[in-house]
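This report refers to the structure that appears directly beneath it.
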Amino acid sequence: MCGIVGYVGKREAKDLLIEGLRRLEYRGYDSAGVALVEGKKLKRVRALGKVAELEKKTDGVAYTATTGIAHTRWATHGKPSEKNAHPHADCGGGIALVHNGIIENYSELREQLIKQGHRFSSETDTEVVAHLVEEHVKKSGYVEEAFALAVKELRGTYGIALVSVAEPEKLFVARMG
Ligand code: GLU
């Protein structure tokens with residue numbers, strides 16, 4: 001069962017997020033990852049295996065982000081691997097999200113998004129959500145509204161946490177079931 005951690009505040013996010021993941025390790029998982037809002041860019045770091053592997057990859061790097069999300073994954077769609085590990089991002093790389101659960105209608109959504117020109121880089125059900133939000137942001141311009149519209153198109157059970165460089169001091173969350 002996966003774990004989700006989010007942080008927005010005044011402190012540097014990376015260590016807090018990794019500490020949060022450690023506290024959720026008892027739940028069992030196959031990979032771990034973090035997305036940090038570093039100025040105008042999102043920095044994603046993911047690792048197959050233990051949180052300690054993720055920590056090794058982030059050690060010694062000076063991150064300044066005070067907003068971020070993190071995840072431990074228990075694969076349901078797509079094998080355990082670094083590219084299937086969360087967070088997942090949109091084509092533009094400005095949106096990243098983590099997800100617990102299953103998006104039942106992901107293959108229809110994926111087909112539709114590919115037709116609209118989106119490129120996928122994982123085998124997960126989760127990645128469709130990032131591209132769907134990106135598609136809605138193009139129309140509405142606002143992340144919160146775009147996320148709400150995207151979530152309306154999803155079938156299944158989920159907990160989702162999302163960050164965007166467009167609104168760096170916010171965490172967006174949604175839950176169903
Ligand atoms: N269905 C998603 C995946 O396979 C989320 C799994 C989870 O809850 O960790 O990546």
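The values are calculated or read from the model by the stated rules, or taken from the named source; none is laboratory data. Model, not experiment: these values are computed from the prediction. No Cβ is skipped: glycine too gets one built from the backbone with ideal geometry, and neighbour counts run over all protein chains shown. In case anyone asks, the SASA skips ligands and DNA or RNA and just uses the protein heavy atoms, side chains included. Shrake-Rupley method; radii C 1.70, N 1.55, O 1.52, S 1.80 Å.
Step by step: first the residues of region 99-131, then only those that are of a type in the set (Asp, Glu) and farther than 14 Å from THR157 by Cα, then the one that is nearest to the chain's Cα centre (by Cα). Which residue is that?
Per the stated criteria, the residue is GLU127.
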Qualifying residues in region 57-74 (those that are charged (D, E, K, R) and free of Cβ contacts under 8 Å to residues at least 60 places away in the same chain) - the one farthest from ALA47 (Cα to Cα): ASP59
Failed item, numbered, when VAL45 is tested on (1) open to solvent by less than 10 Å² (accessible area, probe 1.4 Å); (2) touching a helix residue (DSSP H, G or I) at 6+ places or on another chain (Cβ under 6 Å); (3) among the β-branched types (Val, Ile, Thr): (1)
Number of the exception - TYR63 against (1) open to solvent by less than 80 Å² (accessible area, probe 1.4 Å); (2) part of a loop (DSSP other than H, G, I, E, B); (3) within 20 Å of GLU25 (Cα to Cα): (3)
Test: residue in region 72-85 that is modelled with pLDDT of 95 or more and closer than 17 Å to TYR7 by Cα: yes
Number of the exception - GLY39 against (1) on the phi > 0 side of the Ramachandran plot; (2) surrounded by 15 or more Cβ atoms within 10 Å (Cβ to Cβ): (2)
Residue count, region 121-157 (criterion: open to solvent by 10 Å² or more (accessible area, probe 1.4 Å), hydroxyl-bearing (Ser, Thr, Tyr) and under 20 Å from GLU104 (Cβ atoms)): 1
